[in-house]
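Q: What follows is a single structure, and I will ask about it in a moment.
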Ligand code: HEM
């Protein structure tokens, strides 16, 4: 009897005879469903009796994307499941970092493989393009599920031909899409951030300490500009204005009303508390207890940025392929796609903008001693204080 897997990792001892095609063993092609996979390419040009060589590449590259989308969704569902818990075990946080990293690696491949498609000349594309209408990548339901699960809301989407995106899908896909609209990693991460310990710690409040420090820093800047004997009054006023604008920007971190206005305008997504927590984690990321949360913030930002990079690469490729022609899905083509590369489609927009609020380490308000000890895991021979659970 054959033992071991079809990929050569069997348990058979060296020198044992292994029957490679035994009836009760696993067979490579069957395990991978290759009969279905390799017969799932049906060029429309062939069906029309004018087979276009490059259509095979066009089909296979789309299928490859869809397979990778499936794997990304598989990873993302597990991350969402972890974040759905009220209290997330430390071990699970490591898993989140690991799975976000895997998604990142897959996305890099997805961005890179656009260049394979670019080996197809626009003239070669024209050999079969007319057979594809009205099908379009716009109808990639897995891509839309990915967007929904991450937290893109319908109100953020640009519409094609005044029709909501759902109108481009058949009933069975609409159902999947509607379900995915109710889940948002952004909102789950927001809740997790809101639970971050050390935003308040026995009378010490991060937002008050940070605000005081920032105001002191800017007051020092104002004093320096005002004292500058080599500057003209006009130049001084300009500099003071710029400092005041920066102060105002910082104030939006503490002012609920300003923050709400920014959320309404779409320039912020997270709650003010979640935003402050993300800032705390980023500023004090050197503290051991914040290492993993910081990696998670970075991983989510990377994932979001990769989607933007993919959108950009796809848009450039489409410009090259179609010029200013309209898309098979009925959009304005390149012009429509260019609009999707804007901030509107960035889910973790606040993580990009966090950098506006970073200040040099040397100016950071010190954390209270007890908080520092807890953040340090405190591994000593003496009884150590229990490390608090991760947010
Ligand atoms: C010759 C190659 C391609 C061309 C000319 C092309 C063209 C277009 C155009 C014009 C649109 C806008 C909708 C429309 O009017 O149809 C679009 C959307 C889209 N395409 Fe492609 N595409 C190509 C390859 C791909 C590939 C390989 C993928 C991988 C899955 C893909 C995925 C998408 C997605 C997800 C959208 C929706 C983007 C959004 O609305 O944000 N496309 N494509």
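The values are calculated or read from the model by the stated rules, or taken from the named source; none is laboratory data. Note that the structure is predicted; figures quoted are calculated from it, not measured. Note: ideal-geometry Cβ built from the backbone for every residue, glycine included; neighbour counts use all protein chains shown.
Q: What number of residues in the stretch 304-338 are more than 6 Å from the ligand (Cβ to nearest atom) and either more than 19 Å from residue 62 (Cα to Cα) or modelled with pLDDT under 95 (or both)?
A: 9
Q: So residue 85 clears everything in (1) within 13 Å of the ligand (Cβ to nearest atom); (2) assigned to a loop (DSSP other than H, G, I, E, B) except one condition, right? Which one?
A: Of everything listed in (1) within 13 Å of the ligand (Cβ to nearest atom); (2) assigned to a loop (DSSP other than H, G, I, E, B), residue 85 misses just condition (1).
Q: Of everything in the stretch 147-158 that's near the ligand (Cβ under 10 Å from one of its atoms) and modelled with pLDDT under 95, which residue is nearest to residue 330 (Cα to Cα)?
A: 158
Q: Let me ask something additional. Which of the following residues is touching a residue at least 60 places away in the same chain (Cβ under 8 Å) and closer than 18 Å to residue 157 by Cβ: 349, 322, 300?
A: Testing whether each residue is touching a residue at least 60 places away in the same chain (Cβ under 8 Å) and closer than 18 Å to residue 157 by Cβ leaves just 349.
Q: Further question: Testing residue 254 on (1) part of a loop (DSSP other than H, G, I, E, B); (2) under 25 Å from residue 198 (Cβ atoms); (3) within 25 Å of the chain's Cα centre (by Cα), one condition comes back false. Which one is that?
A: (3)
Q: Would you mind stating whether residue 195 is surrounded by 16 or more Cβ atoms within 10 Å (Cβ to Cβ) and over 30 Å from residue 271 (Cα atoms)?
A: The answer is no for residue 195.
Each row is one residue, and each column tells you yes or no for (1) within 28 Å of residue 251 (Cα to Cα); (2) more than 16 Å from the ligand (Cβ to nearest atom); (3) loosely packed, with under 14 Cβ neighbours inside 10 Å.
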{"position": "127", "(1), (2), (3)": "no, no, no"}
{"position": "173", "(1), (2), (3)": "no, no, no"}
{"position": "180", "(1), (2), (3)": "no, no, no"}
{"position": "183", "(1), (2), (3)": "no, yes, no"}
{"position": "188", "(1), (2), (3)": "yes, yes, no"}
{"position": "202", "(1), (2), (3)": "yes, yes, yes"}
{"position": "225", "(1), (2), (3)": "yes, yes, no"}
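Q: Got at least one residue in the stretch 260-267 being surrounded by 19 or more Cβ atoms within 10 Å (Cβ to Cβ) and either touching a residue at least 60 places away in the same chain (Cβ under 8 Å) or under 27 Å from residue 207 (Cα atoms) (or both)?
A: no
Q: What residue, of 291, 314, is surrounded by fewer than 20 Cβ atoms within 10 Å (Cβ to Cβ) and over 16 Å from residue 340 (Cα atoms)?
A: 291
Q: While we're here: (1) at pLDDT 95 or above; (2) farther than 30 Å from residue 121 by Cα; (3) assigned to a loop (DSSP other than H, G, I, E, B): which one isn't true of residue 18, the others all being true?
A: Answer for residue 18: the failing condition is (1).
Q: Among the residues of the stretch 106-115 satisfying the criterion of being over 10 Å from residue 317 (Cα atoms) and within 9 Å of the ligand (Cβ to nearest atom), which is farthest from the chain's Cα centre (by Cα)?
A: Once the filter is applied, the top-ranked residue is 113.
Q: Additional query: Scan the stretch 49-71 for residues that are over 28 Å from the mean Cα position of the chain (by Cα), assigned to a helix (DSSP H, G or I) and either under 26 Å from residue 99 (Cα atoms) or away from the ligand (no atom under 12 Å from the Cβ) (or both) and jot them down.
A: If the condition is that a residue be over 28 Å from the mean Cα position of the chain (by Cα), assigned to a helix (DSSP H, G or I) and either under 26 Å from residue 99 (Cα atoms) or away from the ligand (no atom under 12 Å from the Cβ) (or both), then 56 is the only one that fits.
Q: Taking the residues in the stretch 347-360 that are in a loop (DSSP other than H, G, I, E, B) and in contact with a helix residue (DSSP H, G or I) (Cβ under 6 Å, 6 or more places away or on another chain) as candidates, determine which candidate is nearest to the ligand (Cβ to nearest atom).
A: Per the stated criteria, the residue is 347.
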